[in-house]
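S.K.: Structure incoming, see below.
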Amino acid sequence: MGPPPASQSGPGCPQPPPAPPAPAMAAPAPQSPEPSAPPQPSQGQSQGIGEAEPEAEAALAPDDQSDQRRPAGDEEDSEKSKPTGSDGERRGVKRQRDEKEEHGRAYYEFREEAYHSRSKSPPPPEEEAKDEEEDPTLVSLDTYTSDLHFQVSKDRYGGQPLFSEKFPTLWSGARSTYGVTKGKVCFEAKVTQNLPLKEGCTEVSLLRVGWSVDFSRPQLGEDEFSYGFDGRGLKAENGQFEEYGQAFGENDVIGCFANFKSEEVELSFSKNGDDLGIAFRVSKESLNERALLPHVLCKNCVVELNFGQKEEPFFPSAEEFVFIHAVPVEDRVRTALPPKTMEECEVLLMVGLPGSGKTQWALKHAQDNPEKRYNVLGAETVLNQMRMKGPEEPEMDPKSRDLLVQQASQCLSKLVQVASRTKRNIILDQCNVYNSGQRRKLLLFKTFSRKVVVIVPNEEDWKKRLELRKEVEGDDVPETVMLEMKANFSLPEKCDYMEEVTFGELEKEEAQPLVTKYKEEARRLLPPSEKRTNRRNNRNKRNRQSRSRGQGYVGGQRRGYDNRAYGQQYWGQSGSRGGYRNFYDRYRGDYDRFYGRDYDYNRYRDYYRQYNREWERAKLYHPGQFEPRDPLSKQ
């Protein structure tokens, strides 16, 4: 096929047949605007901060190897054609970055924050579906204390990870709504299915099941008074793993037993009805009458629980043990109830530079207010839920560790969206130095009580904390990342989406001069960035492209569509595909100017319709007189 004609009508516009000899009063066809050129794809991800801002990717230059393949005679022309800035420098060239195999947590946190700071403000979250009224005496999985990324089944007797395909290393789990402090109690857990993973993924499907007390960490077996049986044939308590029983997996049923009638609380397990022996002995004095709750933690698998709601158990239970559902209500301990409405929930947005002490403030605030049961969403929290624990933790190479940190930052962005649809109290433990990022996140929590906590320590304390952070985490904040954060850091102020702004350390009067000093230093030390200019140009280019469809020029001025639904722009009323009549009505101003208001707008269309009928009839009855010719050839 030959190349298309040089001029084409706009997207979706019908193409008329070749024009016949037009009558004297024939009207010209309405001119459709030519579509803008689509944005060029990026040449791969760039190293460093450039990855954090996708708008800058369009400004990247092609690979330097393309210059080597260019003929020598074209060098002068190419040099002339290269755009230059005000100082004569080449534009569109990537700045040199420090080549590092590992970037660290702060780098990927900055990438996610910078990326979302350029995104449009999200629409208000959909209201959470009203839970059906259930019998409050039933024992089921607690959706209030479960992990945000654990998807509880509709009947609340099972669940699975929410992001298993995208984040296969992420553990997620939940506890039951009731616990026990006496008697001989049991429940069952079955691995009903191993979830499919992406091709080439080496992660395995695992279940960890057991008992834990309220307010313990969600990672079963990795905290005090948390006891789990792992699918690798391990038992876990307070982060210590030892061999126990047998490995188990898909379609296996694990029985969990708690005996409070002995001198010490004895916790044992069974596999498919076979007793595996006592795994833990817990002192009653140390428990201090705290209830033990059934707890499951899974990775890439679906789990089903039997608290006694089934007519028949998977396997007969041991003598004198009863399912927890059969224990009288007065002998069970209920966990805390969730807020009744989202208006009762609050979200705290932490704001501060890396190493300023945001995480310590958030954890202390959550510990000092246990009745609110804050969910602290931070990169370090997600990282702990992604790491594989065991008797001998495998050492990760820098590339794998860097990938894990990157996935934790991406997962955290999704968890923020999930949290906005739940009835919980949330602390967003991130830097949040961009004003646009603050606005975007808080708009998600439209019905919550929204508060901001700003942490700005004095300069000496901040440097000490940065050194301590480097010793603990083993990585330093890249200099360019820190400078970019300082340059964009500004103190938030109370507004319609910030009901309260609190300063955790230095008050606003003391913090403002320090933040201004950081900003001025950063802007002075940052190298000149052509990407900032190109990012603004690219944003304007996208705006022009988004307005290019259906735009005309009236009186030398650009005119676009109203802010209406997509279906109304091209088809008149939403949902009716009635043709382009309403589309061409946008150009009536031009016709009225040149032809008067009595001009027949459909005359040109009706003329071609009649012409086509006569043309087809002539070809049908006189086929030999009509030979095909090139429509582009000269007459």
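S.K.: Consider Gln360 carefully, then state whether it is in contact with a helix residue (DSSP H, G or I) (Cβ under 7 Å, 6 or more places away or on another chain), loosely packed, with under 15 Cβ neighbours inside 10 Å and in the same structural domain as Lys508 (by the TED database). Steps first, answer last, please.
M.R.: Values: in contact with a helix residue (DSSP H, G or I) (Cβ under 7 Å, 6 or more places away or on another chain): no; loosely packed, with under 15 Cβ neighbours inside 10 Å: yes; in the same structural domain as Lys508 (by the TED database): yes.
It is false that Gln360 is in contact with a helix residue (DSSP H, G or I) (Cβ under 7 Å, 6 or more places away or on another chain), loosely packed, with under 15 Cβ neighbours inside 10 Å and in the same structural domain as Lys508 (by the TED database).
S.K.: Quick one: which of Leu348, Leu267 is closer than 14 Å to Gly183 by Cβ and in a strand (DSSP E or B)? Walk me through it before giving the result.
M.R.: Details: Leu348 fails: closer than 14 Å to Gly183 by Cβ.
Of Leu348, Leu267, the one residue that is closer than 14 Å to Gly183 by Cβ and in a strand (DSSP E or B) is Leu267.
S.K.: Does segment 479-489 contain any residue that is within 24 Å of Ile426 (Cβ to Cβ) and hydroxyl-bearing (Ser, Thr, Tyr)?
M.R.: Residues of segment 479-489 that are within 24 Å of Ile426 (Cβ to Cβ), as a first pass: 485, 488-489.
Imposing the further condition that a residue be hydroxyl-bearing (Ser, Thr, Tyr) reduces the set to none.
No, every residue in segment 479-489 fails to be within 24 Å of Ile426 (Cβ to Cβ) and hydroxyl-bearing (Ser, Thr, Tyr).
S.K.: Leu293 fails exactly one of the following numbered conditions: (1) over 30 Å from Phe167 (Cα atoms); (2) open to solvent by less than 10 Å² (accessible area, probe 1.4 Å); (3) not charged (D, E, K, R). What is the number of that condition?
M.R.: (1)
S.K.: Would you pick out the residues in segment 377-401 that are farther than 30 Å from Asn425 by Cβ and open to solvent by 70 Å² or more (accessible area, probe 1.4 Å)?
M.R.: Pro391, Glu392, Glu393, Pro394, Glu395, Met396, Asp397, Lys399, Arg401 - these are the residues of segment 377-401 that are farther than 30 Å from Asn425 by Cβ and open to solvent by 70 Å² or more (accessible area, probe 1.4 Å).
Condition check ((1) free of Cβ contacts under 8 Å to residues at least 60 places away in the same chain; (2) not β-branched (Val, Ile, Thr)) across all residues:
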{"residue": "Leu297", "(1), (2)": "no, yes"}
{"residue": "Pro313", "(1), (2)": "no, yes"}
{"residue": "Pro316", "(1), (2)": "yes, yes"}
{"residue": "Glu330", "(1), (2)": "yes, yes"}
{"residue": "Pro339", "(1), (2)": "no, yes"}
{"residue": "Thr359", "(1), (2)": "no, no"}
{"residue": "Glu371", "(1), (2)": "yes, yes"}
{"residue": "Tyr374", "(1), (2)": "yes, yes"}
{"residue": "Ala379", "(1), (2)": "no, yes"}
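S.K.: Of all the residues that make up segment 206-237, how many are crowded, with 18+ Cβ neighbours inside 10 Å, among the aromatic types (Phe, Trp, Tyr) and assigned to a loop (DSSP other than H, G, I, E, B)?
M.R.: 1
S.K.: Restricting segment 273-290 to residues that are open to solvent by 20 Å² or more (accessible area, probe 1.4 Å) and touching a residue at least 60 places away in the same chain (Cβ under 8 Å), which is farthest from Ser140 (Cα to Cα)? Break it down stepwise before answering.
M.R.: Step one: of segment 273-290, the residues open to solvent by 20 Å² or more (accessible area, probe 1.4 Å) are 273-278, 281, 283-286, 288-290.
Still in the running and touching a residue at least 60 places away in the same chain (Cβ under 8 Å): 286, 289-290.
On the way: Ser286: 27, Glu289: 22, Arg290: 19 Å.
Here the residue is Ser286.
S.K.: Moving to a separate point now. Filter segment 146-169 down to residues that are more than 21 Å from Lys389 (Cβ to Cβ) and among the polar types (S, T, N, Q) and give me whichever is least open to solvent (accessible area, probe 1.4 Å).
M.R.: Ser153
S.K.: Restrict the check to segment 496-508 and report whether at least one residue is of a type in the set (Ser, Thr, Tyr) and touching a Lys or Arg at 6+ places or on another chain (Cβ under 8 Å).
M.R.: First pass over segment 496-508, keeping only residues of a type in the set (Ser, Thr, Tyr): 497, 502.
Keeping just the survivors that are touching a Lys or Arg at 6+ places or on another chain (Cβ under 8 Å) gives 497, 502.
Yes, segment 496-508 contains at least one residue that is of a type in the set (Ser, Thr, Tyr) and touching a Lys or Arg at 6+ places or on another chain (Cβ under 8 Å).
S.K.: Which condition number in (1) open to solvent by less than 60 Å² (accessible area, probe 1.4 Å); (2) in contact with a Gly (Cβ under 7 Å, 6 or more places away or on another chain) is the one that Phe315 fails?
M.R.: Every condition holds for Phe315 apart from (1).
S.K.: Out of everything in segment 448-502 that is touching a residue at least 40 places away in the same chain (Cβ under 8 Å) and basic (Lys, Arg), what residue ends up being most open to solvent (accessible area, probe 1.4 Å)?
M.R.: Top of the filtered list is Arg465.
S.K.: State which residue pairs qualify: first residue closer than 15 Å to Gly210 by Cβ and of a type in the set (Gly, Ala, Ser) and inside segment 247-265, second residue open to solvent by less than 60 Å² (accessible area, probe 1.4 Å) and in a loop (DSSP other than H, G, I, E, B) in any location, beta carbons under 7 Å apart, and separation of 6 or more residues or different chains.
M.R.: Gly255/Ser317
S.K.: To continue, here is another question. Only residues that are more than 16 Å from Asn300 (Cβ to Cβ) and open to solvent by less than 20 Å² (accessible area, probe 1.4 Å): list them for segment 184-205, please.
M.R.: Of everything in segment 184-205, those that are more than 16 Å from Asn300 (Cβ to Cβ) and open to solvent by less than 20 Å² (accessible area, probe 1.4 Å) turn out to be Val185, Cys186, Phe187, Glu188.
S.K.: Looking only at segment 238-258, filter to residues that are at pLDDT below 95 and under 22 Å from Asn288 (Cβ atoms); which one of those is most open to solvent (accessible area, probe 1.4 Å)?
M.R.: Gln240
The values are calculated or read from the model by the stated rules, or taken from the named source; none is laboratory data. Treat the numbers as computed from the prediction; the structure is a model and nothing was measured. Using ideal geometry, Cβ is built from the backbone for each residue, glycine included, and neighbour counts are taken over all protein chains shown. In case anyone asks, the SASA skips ligands and DNA or RNA and just uses the protein heavy atoms, side chains included. Shrake-Rupley method; radii C 1.70, N 1.55, O 1.52, S 1.80 Å.
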